[in-house]
Amino acid sequence: MLRLVSLLFVVLFSFSSIAEENSYRLGAGDLITISVYDEPDLSQEVRIGLSGDISYPLLGDVRVAGLSPKELEMKLVSGLKGPYLLDPSVTVSILEYRPFYVTGEVEKPGSYAFHPGLTVDKAISIAGGFTERASKSRIYVMHDDSATKPNHKDSDGRAAKDSIKLFDVVQPGDVITVEQSFF
């Protein structure tokens, strides 16, 4: 019975990881690995540049920002199939997510490595916790969704800040700002 429960847990965890990676959108700063079966010259590790493009053998510059890893796989297969390979098998994996940032009233503002499942309270803890002047109710986030929503701006033309709670999930590239308390 214990074996069956363990097996079920592993299967469910695998499906949730696959679903999370397929909904994830690639962006500048992500480190990915591209593997082409039986083609070592076409397999590589690459960090996505600020332009959202990567330089890939035989295809040149390829736009990857805003795509899921699965969508990038399909894009590379369609580009390689025919003129270069008969039936390419491409796998794209995320090796390192782009960092998130914490600013404002925290002990150590800066950029930090992202880990899936990260929440705002954990991100603030990683940044050394709140300062004594921090407002625990005035916390904002600017999402790094320039690849999917380039016009997400407020009425003054600045990037829009959204109010968030301590248990909200943080995404790679997010900028979390902790405002100062009035009292």
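Filter the stretch 30-68 for residues that are at pLDDT 95 or above and touching a Phe, Trp or Tyr at 6+ places or on another chain (Cβ under 7 Å) and give the result. If the condition is that a residue be at pLDDT 95 or above and touching a Phe, Trp or Tyr at 6+ places or on another chain (Cβ under 7 Å), then 30, 62, 68 are the ones that fit.
Rundown of residues vs (1) over 30 Å from residue 181 (Cα atoms); (2) surrounded by 15 or more Cβ atoms within 10 Å (Cβ to Cβ); (3) touching a Pro at 6+ places or on another chain (Cβ under 8 Å), yes/no style:
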{"site": "31", "(1), (2), (3)": "yes, no, no"}
{"site": "45", "(1), (2), (3)": "yes, no, no"}
{"site": "48", "(1), (2), (3)": "yes, yes, no"}
{"site": "54", "(1), (2), (3)": "yes, yes, no"}
{"site": "65", "(1), (2), (3)": "yes, yes, no"}
{"site": "84", "(1), (2), (3)": "yes, no, no"}
{"site": "94", "(1), (2), (3)": "yes, yes, yes"}
{"site": "102", "(1), (2), (3)": "no, yes, yes"}
{"site": "120", "(1), (2), (3)": "no, yes, no"}
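Residues that are farther than 22 Å from residue 173 by Cβ and not hydroxyl-bearing (Ser, Thr, Tyr) within the stretch 74-85 comprise 74, 76, 77, 79, 80, 81, 82, 83, 85, listed in sequence order.
Does the stretch 72-97 hold any residues that are under 16 Å from residue 56 (Cα atoms) and aromatic (Phe, Trp, Tyr), and which are they? Answer for the stretch 72-97, where residues must be under 16 Å from residue 56 (Cα atoms) and aromatic (Phe, Trp, Tyr): just 84. Would you check which residues across the stretch 67-82 are among the charged types (D, E, K, R), open to solvent by less than 60 Å² (accessible area, probe 1.4 Å) and more than 20 Å from the chain's Cα centre (by Cα) and list them? If the condition is that a residue be among the charged types (D, E, K, R), open to solvent by less than 60 Å² (accessible area, probe 1.4 Å) and more than 20 Å from the chain's Cα centre (by Cα), then no residue fits. Elements of the type strands (runs of 3 or more DSSP E) sitting completely within the stretch 70-124 and holding at least 2 residues that are at pLDDT 95 or above and touching a Leu at 6+ places or on another chain (Cβ under 8 Å): these cover 90-96.
Condition check for residue 144 on (1) open to solvent by 90 Å² or more (accessible area, probe 1.4 Å); (2) acidic (Asp, Glu); (3) at pLDDT below 90: one failure, at (1).
The values are calculated or read from the model by the stated rules, or taken from the named source; none is laboratory data. None of the values given here were measured: they were computed from a predicted structure. Quick reminder, even Gly has a Cβ in these numbers, built from the backbone with ideal geometry, and neighbours come from all protein chains shown. Surface areas here come from the heavy atoms of the whole protein model, side chains and all, with no ligands, DNA or RNA. Shrake-Rupley method; radii C 1.70, N 1.55, O 1.52, S 1.80 Å.
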